[in-house]
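Step one of this worksheet: look at the structure below.
The values are calculated or read from the model by the stated rules, or taken from the named source; none is laboratory data. Because the structure is a prediction, the values reported are computed rather than measured. No Cβ is skipped: glycine too gets one built from the backbone with ideal geometry, and neighbour counts run over all protein chains shown. Heavy atoms of the whole protein, side chains included, go into the accessibility calculation; ligands, DNA and RNA do not. Shrake-Rupley method; radii C 1.70, N 1.55, O 1.52, S 1.80 Å.
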Amino acid sequence: MSNFKRGNSNGFRGQNRNRYQSRGRFRNPGLDMNPLMFVRKAENFVETSYTPVNSFTDFPIDETVRKNVLSRGYDKPTAIQDQAILPMLKGRDLVGIADTGTGKTAAFLLPLITKVARDRNQKVLIVTPTRELAAQIQDEFKRFSAGMNMYSTLCIGGASINVQFRELERRPNFVIGTPGRIMDLENRRRLNLRQYQNVVLDEVDRMLDMGFINDIREIVSLLPQDRQSLFFSATLPDKIKAVMQSFLVNPVMVQVKTGTTAQNVDQDIIRTRGRDKVEILHQLLIKQEFSKVLVFGRTKWGVNKLEINLVRRGFKIASIHGNKSQGQRTRALKQLKNDEVQVLLATDVASRGIDVQDITHVINYDVPESYDDYVHRIGRTGRAGKKGVALTFID
Ligand code: AMP
């Protein structure tokens, strides 16, 4: 199964997947492939230490940036930094398939800060799905640009817009924000997107899952044609490829592993052998340790049916899938966070934005369609250093 080989490469794993998909390999999960492979593969996944080709001392980055990086104790570039910094410094557009934890923030900040240091007329717009991520990027920006007289404004909802007006008047080189507030500031003529010759769309898959597609399209349509565009996403489904193609010109592709897979997750399978799956699930959910459980189903229809069945059995359930509104999804997630429900049922598409820290168990009630989906599902547990459990039902 060389197509599942995870590793650092300049390659573009999505292409491999398509090649296999076109042979129908993943079309009927559970029928023409062995789902055990997912589990075994992830168990065997051991992070190999990456040997970079470049070093922070020889990257042609600004000297103060270099000093700031080294004084932060980074001794060598991560895979994405090693592969992405040089093309970005050359002005290329870039697609980075990388999750948080790979060092992607520094990968785009170091060349962009360098670019601004060389030409103070450059402006950089960084768009993120969440306020937290925007704030995190600003913190990193401040550390890498220390002592350079370079400024940033955080443009996020839930914070005073008047303060943002004032900060924008000081013409910062970097604007970091969430799509809704960025559009709001543009509409109020406080932010002129036509001036931003550099743009980063970060965690694009999450932005789309959170319903920001129209804001993103609008933001991109207002940017100057002549610009450098950087695009980061943990996954690359077709919906995202479409956004990508309209956004970038001849991009360099860099793909790295997440480095987080399975390390804190105990994985196992449950053989259903033709027994009633709902009954098996019931027997698990009555165990005390199954206190915050995410159950994945393959279709909206299946998830609905399971929800009705489990509610009838007296379980506290919420569900999210493509037919639910953003409001319903937010409410369901909040119920799980606050322990108002024990179980959240989800389909793969709806699960992308799930950010609940202490999920005890992920149950793959239906086998996922691809290794990427499997990894994504089980990555919802075992977070923040806690141990999680992932169970996959296999007939
Ligand atoms: P990110 O994927 O950008 O969220 O970064 C994940 C974490 O890795 C952050 O805490 C960074 O400070 C850290 N980090 C990024 N690049 C390096 C590096 N080259 N060496 C050591 N730590 C790093």
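Stretching the chain fully between Met148 and Ser325 yields a gain of 59.2 nm (0.36 nm per residue, less the alpha carbon separation).
Extension gain for the segment Glu140 to Arg312, taken as residue separation times 0.36 nm less the Cα-Cα distance, is 57.0 nm to one decimal. Applying both filters, DSSP loop and at most 13 other Cβ atoms within 10 Å, to the trypsin sites (Lys or Arg not before Pro) of the range 136-187 gives Arg170.
Computing the accessible area with a 1.4 Å probe over protein heavy atoms, can you report the carbon and sulfur percentage for the range 276-395? Summing carbon and sulfur atoms, their accessible area is 48 percent of the total for the range 276-395.
Compute the label zone of Gln195 within the range 136-163: residues whose backbone N is under 16 Å from the point 7 Å along Cα-to-Cβ. The answer is 150-155, whose backbone nitrogens lie closer than 16 Å to the label point. Take the Cβ atoms of Ala242 and Leu86, set R0 to 22 Å, and the FRET efficiency comes out at 0.20.
One chain, two ends: His282 and Lys387. Fully extended at 0.36 nm per residue, the span grows by 35.6 nm beyond their Cα-Cα distance.
Note on the range 63-256: Kirkwood radius taken over Cα pairs, Stokes-Einstein applied at 4 °C and 1.567 mPa s, translational D equal to 78 µm² s⁻¹. Entry comment: accessible area of the range 63-256 is 42 Å² per residue, from protein heavy atoms only and a probe of 1.4 Å.
Spin-label pair Glu289-Ser160: with each label point 7 Å from Cα along the Cα-Cβ axis, the two points sit 5.0 nm from one another. The count of lysine pairs in the range 63-256 with alpha-carbon distances below 24 Å, taking only pairs 8 or more places apart or on different chains, stands at 23.
Once the mean of 1/r is taken over each pair of separate Cα atoms and inverted, the range 92-162 shows a Kirkwood hydrodynamic radius of 13.4 Å. If R0 equals 45 Å, the separation of the Cβ atoms of Lys334 and Asp119 corresponds to a calculated FRET efficiency of about 0.50. Model label sites at Asp266 and Asn214, defined 7 Å from Cα along the beta-carbon direction, differ in position by 4.7 nm. For the range 63-256, the relative contact order comes to 31 percent (Cα pairs under 8 Å, sequence separation of at least 6). Here the dipole of the range 63-256 is about 680 debye; that uses its Cα centre as origin and unit charges on the Cβ of Lys and Arg (positive) and Asp and Glu (negative).
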